[in-house]
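Read through the structure below, which is laid out as C-alpha cells, and then see the notes.
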Amino acid sequence: MSQEDPACCGSGCTNCVLDVKPSKHTLPPDVVNVFDRTYKQFLCESVTSAADNVFRFRFRYVPAIGNDRERLIVPPGCHLMLRALRSVLHQHNRKSVRNPEENPLLRWWEANPVQPGGEKHAKQSLQKHDKSEEDRYLSRPYTPIAFDQERGTFDVLIKLEPGGQMTNHLVTLSAGSCTEWKGVYGDFVWTRNRYRHVVAFVQGVAIAPVYSTLRSILDDEGDETRLTLCACFRNLAGVLLRDELRSLAGYWNFAYAIYLSRRTCACAAAGVERCKCLAARLRYNEPIHDRRLAAAEIEKLLQRPLAEGKPSLLVLLCGTETFTSFIKSTVEKLEIENCYTF
C-alpha cells in the first residue's frame with residue numbers, strides 16, 4: 001500500500017495489515033455490508049470485564065441500520081481496524097473523565113499503574129517504519145466474537161496493557177463514546193462440510209477468531225463438521241468465554257478442553273503435585289485442567305481424526321509465535337496437510 005493511499009491506517013506497519021487482495025467473502029446479491037473498508041462511526045454500547053486485563057466491548061453502528069438491504073456482517077475469523085487520533089490520545093488523563101468510579105476500565109487503570117519505563121517502552125515498540133508519513137492515527141486490529149446483523153452491533157475482546165497507547169484511549173470509553181472502525185479484513189474462508197474434523201488450538205485473547213469460526217459452523221444446521229477446541233490460559237481467572245464454551249458443549253459435534261499454565265492455590269507453593277483445589281471451583285463435568293498442554297496430548301488428539309485420512313482434517317491455530325510453533329512441530333511430525341494460522 002502506497003504512502004499516499006487515503007485508506008492507510010497511519011501506523012506505518014512494515015507489513016501493512018490493510019495491504020490485502022480483494023475480499024474472498026461473498027454476500028447475497030440483495031445485501032449490502034456496513035463494512036466497506038472505509039472508517040465508520042460506532043458508539044460504545046457497553047463495557048464489561050471478561051477476565052484479568054481483558055474487557056468485552058460492544059459497539060453499535062451510527063447511524064442505525066435503516067433499510068432492508070443493509071446489514072452488519074463480519075465473516076468468521078475476520079478482523080476490524082479501530083483507530084484513534086494521536087492528538088486526542090495525548091489529551092486523555094484520569095481527571096478528564098467523569099465518574100471514574102462508574103467506569104470498570106478506569107477502575108482497572110487505577111489498579112494497574114504504569115511501571116517506571118513502561119511508557120517509554122510502549123512508545124519505542126510503536127515506532128513507525130516510514131518516518132516521513134504524517135503520524136495522525138494509532139490503529140489496532142480486533143476480531144469480533146459476535147455480531148448482530150440487524151441491530152448493527154458487534155462484540156470484541158480487548159486485552160489492556162499498562163502504558164499502551166491504545167489502552168490509554170480505550171480506558172476513557174464508556175457507554176455513548178464514539179469510535180471509528182473499518183473492515184473487514186482476513187483471508188480465511190470456510191466451506192460447509194469441506195473437512196470432517198477441525199481441531200483448534202488457541203492461547204489467551206487469541207481465542208477470538210477461532211471462537212467466531214467454530215460458532216458460525218455450529219450455527220449452520222447443515223454443517224456436520226466435528227469440532228475440537230484446546231484453549232490455553234494462564235489461570236482460572238484468565239479463562240475467556242467460559243460460559244459460552246460450556247454452552248457450545250451442548251452441540252453433538254463440539255468438544256473442548258481448557259489448560260491452565262499456572263496453579264495459584266497454596267498447594268502449588270507447598271510443592272503438592274496434585275490437589276483438589278481447582279476441582280472445587282469447577283462446574284459439573286467442566287473440562288479444565290491445571291497443567292500445560294503437552295506435546296504428547298497434542299499428538300494423541302490429532303491422531304484420532306487422522307484415522308479417517310489427512311485430507312479430512314483441518315488444524316486451526318491462534319496465539320503467540322512461540323505457542324503456534326510449539327503446536328506446528330507436532331502438526332509437521334504427523335505430516336498434516338491442512339493447517340491455518342490466524
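The values are calculated or read from the model by the stated rules, or taken from the named source; none is laboratory data. Keep in mind that what you see is a predicted model, and the values were worked out from it rather than measured. Quick reminder, even Gly has a Cβ in these numbers, built from the backbone with ideal geometry, and neighbours come from all protein chains shown. Note: areas computed on protein heavy atoms with side chains; ligands, DNA, RNA excluded. Shrake-Rupley method; radii C 1.70, N 1.55, O 1.52, S 1.80 Å.
Spin-label pair residue 284-residue 148: with each label point 7 Å from Cα along the Cα-Cβ axis, the two points sit 3.1 nm from one another.
At R0 = 35 Å, how high is the FRET efficiency between residue 41 and residue 237 if r is their beta carbon distance? Nearest 0.05 is fine. For R0 = 35 Å, the calculated efficiency reads 0.55. One Cα centroid belongs to region 302-320, the other to region 138-185; the line between them spans 32 Å. When a 1.4 Å probe is rolled over the protein heavy atoms, the share of accessible surface on region 197-341 that falls to carbon and sulfur comes to 49 percent. Ordering 230, 311, 284 by the projection of their Cα atoms onto the charge dipole of region 197-341, which places +1 on the Cβ of Lys and Arg and -1 on the Cβ of Asp and Glu, puts 284 at the extreme positive end. Sorting 297, 150 by accessible area puts them as 150, 297; the probe is 1.4 Å, largest comes first, and only protein heavy atoms count.
Annotation for residue 328 and residue 291: the two label points, set 7 Å from Cα along the Cα-Cβ direction, are 2.7 nm apart. Ranking of 192, 292, 246 by solvent-accessible surface, largest first: 292, 192, 246 (1.4 Å probe, protein heavy atoms only, all chains present).
Of 310/333; 276/300; 159/328; 182/328, which ones are farther than 22 Å apart at the Cα? With Cα atoms farther than 22 Å apart: 276/300; 159/328; 182/328.
Projected label points at residue 62 and residue 31, each 7 Å from Cα along the beta carbon direction, are separated by 2.7 nanometres. When 190, 252, 108, 181 are compared by accessible area at a 1.4 angstrom probe, the order from most to least is 252, 190, 108, 181. With the whole protein complex present, residue 318 retains an accessible surface near 10 Å², based on a 1.4 Å probe. For residue 259, the amide hydrogen comes within under 5 Å of the amide hydrogens of 231, 232, 233, 289, counting only partners 5 or more places away or on other chains and with H modelled in the peptide plane.
From largest to smallest, the equivalent ellipsoid semi-axes obtained for region 197-341 from the alpha-carbon gyration tensor read 26, 19, 13 Å. Accessible surface calculations at 1.4 Å, restricted to protein heavy atoms, place region 190-320 at 50 Å² per residue.
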